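Below is one structure; the comments refer to it alone.
The values are calculated or read from the model by the stated rules, or taken from the named source; none is laboratory data. These numbers were taken from a predicted model, which means no experiment stands behind them. A quick note on method: Cβ atoms are made from the backbone with ideal geometry, for glycine too, and the neighbour counts reach across all protein chains shown. Heavy atoms of the whole protein, side chains included, go into the accessibility calculation; ligands, DNA and RNA do not. Shrake-Rupley method; radii C 1.70, N 1.55, O 1.52, S 1.80 Å.
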Amino acid sequence: MSNVPTKKTCVLAFSGGLDTSFCVAYLTRERGYRVITACVDTGGFSADELAQIEARALEVGAIEHVRIDAANALYEQVLSHLIRANALRGGVYPLSVAAERVLQAAELCRFAHERGADAIAHGSTGAGNDQLRFDVAARVFAPAAELITPIREGAISRMASTEYLRSLGFT
């Protein structure tokens, strides 16, 4: 039996932007996680954009990056119903964006469960509703998983995350 502690695995919702890039570097270096990044693709990304997102994830320390194709699920489970209902917030704003985030979080949780991940993470800052959508979905779809929100938990500013990544040699 090995005396080397096994690292825990974390699945991180990953967009390739500053906040989620910071989360990969932070979770691997400061928290000791093996990070698998997942981009839940509900449509709209080009092949080149998806390749850039994957390259960034691996560059900043993810052990693996996956693309979860959820475009059909978004349409079948969410958009088709909203379109038929003509559901608008305040009679103007389509409800599809909020519903899309919940579907993305649910797909992320499903994937994390399949991989036996110990934790789920996201880079929402605490400034908007996306954090609530991810948090609630994680509690519903992955109640046993640890939920990690490095940006929010540490009140990390964009300047601080940029400096952290620069200190590690990332631009």
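Computed values, structure above
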item	result
Count of residues meeting criterion [at pLDDT below 90, in a helix (DSSP H, G or I) and open to solvent by less than 80 Å² (accessible area, probe 1.4 Å)] in segment 126-150	7
Boolean, Ala112 is small (Gly, Ala, Ser), open to solvent by 40 Å² or more (accessible area, probe 1.4 Å) and over 15 Å from Asp41 (Cβ atoms)	no
From the options Leu103, Leu165, residue that is at pLDDT 90 or above, more than 14 Å from Val35 (Cβ to Cβ) and assigned to a helix (DSSP H, G or I)	Leu165
Test: Arg110 is touching an Asp or Glu at 6+ places or on another chain (Cβ under 9 Å), of a type in the set (Lys, Arg) and either in contact (Cβ under 8 Å) with a residue 40 or more places away in the chain or in a helix (DSSP H, G or I) (or both)	no
Only one of Gly61, Gly123 that is touching a residue at least 60 places away in the same chain (Cβ under 8 Å) and surrounded by 13 or more Cβ atoms within 10 Å (Cβ to Cβ)	Gly123
Among (1) outside any strand (DSSP E or B); (2) open to solvent by less than 10 Å² (accessible area, probe 1.4 Å) - the single one Arg56 does not satisfy	(2)
Enumeration of residues in segment 11-26 that are touching a Cys at 6+ places or on another chain (Cβ under 8 Å) and surrounded by fewer than 24 Cβ atoms within 10 Å (Cβ to Cβ)	Ser15, Gly16
Residue in segment 40-47 that is under 16 Å from the mean Cα position of the chain (by Cα), in contact (Cβ under 8 Å) with a residue 12 or more places away in the chain and over 24 Å from Leu132 (Cβ atoms) present	no
Filtered residue count, segment 64-86, keeping only those that are out of contact with any Leu (no Cβ under 7 Å at 6 or more places or on another chain) and either open to solvent by less than 80 Å² (accessible area, probe 1.4 Å) or in contact (Cβ under 8 Å) with a residue 40 or more places away in the chain (or both)	7
Of residues in segment 27-39 being assigned to a helix (DSSP H, G or I) and over 14 Å from the mean Cα position of the chain (by Cα), the one surrounded by the fewest Cβ atoms within 10 Å (Cβ to Cβ)	Arg29
Within segment 70-100, considering residues that are in a loop (DSSP other than H, G, I, E, B) and not small (Gly, Ala, Ser), the one nearest to Leu50 (Cα to Cα)	Leu95
Answer from Arg158, Arg89, Arg101 - the residue that is of a type outside the set (Val, Ile, Thr), surrounded by fewer than 19 Cβ atoms within 10 Å (Cβ to Cβ) and under 18 Å from the mean Cα position of the chain (by Cα)	Arg158
